[in-house]
Structure formats: C-alpha cells, structure tokens
1. Scan 69, 115, 76, 31 and give me the residue that is modelled with pLDDT of 50 or more and within 19 Å of residue 160 (Cα to Cα).
2. Could you tell me whether any residue of the stretch 115-130 is touching a helix residue (DSSP H, G or I) at 6+ places or on another chain (Cβ under 6 Å) and under 15 Å from residue 182 (Cβ atoms)?
3. Look at residue 159 and say whether it is touching a helix residue (DSSP H, G or I) at 6+ places or on another chain (Cβ under 8 Å) and part of a helix (DSSP H, G or I).
4. Take residue 52 and decide whether it is surrounded by fewer than 20 Cβ atoms within 10 Å (Cβ to Cβ) and modelled with pLDDT of 95 or more.
5. Going by what's in this entry, would residue 98 be described as at positive phi, at pLDDT below 50 and either in contact with a strand residue (DSSP E or B) (Cβ under 8 Å, 6 or more places away or on another chain) or surrounded by fewer than 15 Cβ atoms within 10 Å (Cβ to Cβ) (or both)?
6. For the stretch 121-151, what are the residues that are outside any loop (DSSP other than H, G, I, E, B), surrounded by fewer than 17 Cβ atoms within 10 Å (Cβ to Cβ) and of a type outside the set (Ser, Thr, Tyr)?
Amino acid sequence: MSDMQDPRSPGFDIRAVNQTVIAEYRATGGALEKTLPGSRLVLLTTTGRRSGQEHTTPLGYVTDGASDAAAGENQAGGEHQPDGTAQTGGNGQAGGNGQAGRHGRIIVFASNMAAPGHPDWYRNLTANPKVTVELGTGRFAAQASTATGAERERLYQALVETMPGIRGHQEQVEREIPVVVLAALD
C-alpha cells in the first residue's frame, strides 16, 4: 500500500492491513487496485490451533502445475506480505474459478518477514492441515503440507525467482522457512 508505513515500524497494525486487503480481494475477485496494486494473492483460511476459530491471511503465491503453463498463464505469483509471507509484485490479479486442478498446486512461503518464528497461519495448518483457499472468485478446500528435500528446494527457487522481495529472507533466520504446498481436496 503506497500510503502505508513500513511493516517493521512501531505501531504498524498487521491485522488491520490484512483485513483491508481481504475486504478488497473479496469485493473485486482478487483484483487489488487500491491496497496492493499489481499483487497476485490467494486468501488462506486456517483453523486456529488453540481457538478453533477460522483465520484468513492474504499470501503471495506461485503455482506448481502444467495446466497454467499450457494455458499461457504466468506461473509466478506476486508477493504480499503484511504478515511477512511475501512482498508486492506479480502480474496483476489472481484469476480462476476456484478449481485447483486448473491452477495446479498452490505454493506459499511462511517467511513471516524473516522473523525468527513461524507465522501463526503456518502453526495453525501444521495442527490442522485442512484449509480453505480463495483464488480470484473461487473457493476450495485444500490439504496443506510442507515441502521437504529436493521438492522444497525446487519450489523455493520458483518462489524467490518470482518474488525477489523474499530472496534474502532465508539467510536472515536460523530456522528453515517452510515452503507450503496447498493441494485441492476432491
């Protein structure tokens, strides 16, 4: 957001920022023109590991699947990260009808703005990996998993190539930043 302060500055209210982004995303089907122009996001809803309540977080993403490439869609996602999972960038809006098969697997990065600990949304999905993904105007249930080994490295490279703002995050922390795979249930 051009008129917003730096997320690392005192008084920055990430929850308020996220709520503004979520409201615009839902109102426009993912075409963010006021809050994060040029960003390509998904909304990820997890179940709180302690509260049992749903929590929604806007996240930058990339896709991992041949269907987007065959359709000529850029597989690179923009980045957004009021909560630290991505930065702004990308090709504009997140399109789609909510059918994950059309988009391949959705990949997100649990950077938490290179903070020492994992973001709450990641801790929630490790406790309950059944999540809801909103992609453009579509909504679908998905199973979340953390990529490991060679798959993590391949997906991590795709994320940092697409979202240069996260490129140095891994080097800034001692923890391995999780690369999360969201695969549609059905």
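The values are calculated or read from the model by the stated rules, or taken from the named source; none is laboratory data. Being a predicted model, the structure only gives us computed values, none of them experimental. Every residue, glycine among them, receives a Cβ derived from its backbone with ideal geometry; neighbour counts consider all protein chains shown.
1. Values: 69 fails: modelled with pLDDT of 50 or more; 76 fails: modelled with pLDDT of 50 or more; 31 fails: within 19 Å of residue 160 (Cα to Cα).
115 is the lone residue from the list that is modelled with pLDDT of 50 or more and within 19 Å of residue 160 (Cα to Cα).
2. Here is the first cut: in the stretch 115-130, the residues touching a helix residue (DSSP H, G or I) at 6+ places or on another chain (Cβ under 6 Å) are none.
No, because not a single residue in the stretch 115-130 is touching a helix residue (DSSP H, G or I) at 6+ places or on another chain (Cβ under 6 Å) and under 15 Å from residue 182 (Cβ atoms).
3. Values: touching a helix residue (DSSP H, G or I) at 6+ places or on another chain (Cβ under 8 Å): yes; part of a helix (DSSP H, G or I): yes.
Judged against the criteria, residue 159 is a match.
4. On the way: surrounded by fewer than 20 Cβ atoms within 10 Å (Cβ to Cβ): yes; modelled with pLDDT of 95 or more: yes.
In short, yes.
5. Values: at positive phi: yes; at pLDDT below 50: yes; either in contact with a strand residue (DSSP E or B) (Cβ under 8 Å, 6 or more places away or on another chain) or surrounded by fewer than 15 Cβ atoms within 10 Å (Cβ to Cβ) (or both): yes.
Yes; evaluated as a whole, the condition is true for this residue.
6. Across the stretch 121-151, the qualifying residues are 123, 127, 130, 139, 141, 143, 149, 150, 151.
Residues checked against (1) in contact (Cβ under 8 Å) with a residue 12 or more places away in the chain; (2) touching a strand residue (DSSP E or B) at 6+ places or on another chain (Cβ under 6 Å); (3) farther than 21 Å from residue 112 by Cα:
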| site | (1), (2), (3) |
| --- | --- |
| 26 | yes, no, yes |
| 30 | yes, no, yes |
| 35 | yes, no, no |
| 42 | yes, yes, no |
| 46 | yes, yes, no |
| 49 | yes, no, no |
| 52 | no, no, yes |
| 58 | yes, yes, no |
| 61 | yes, yes, no |
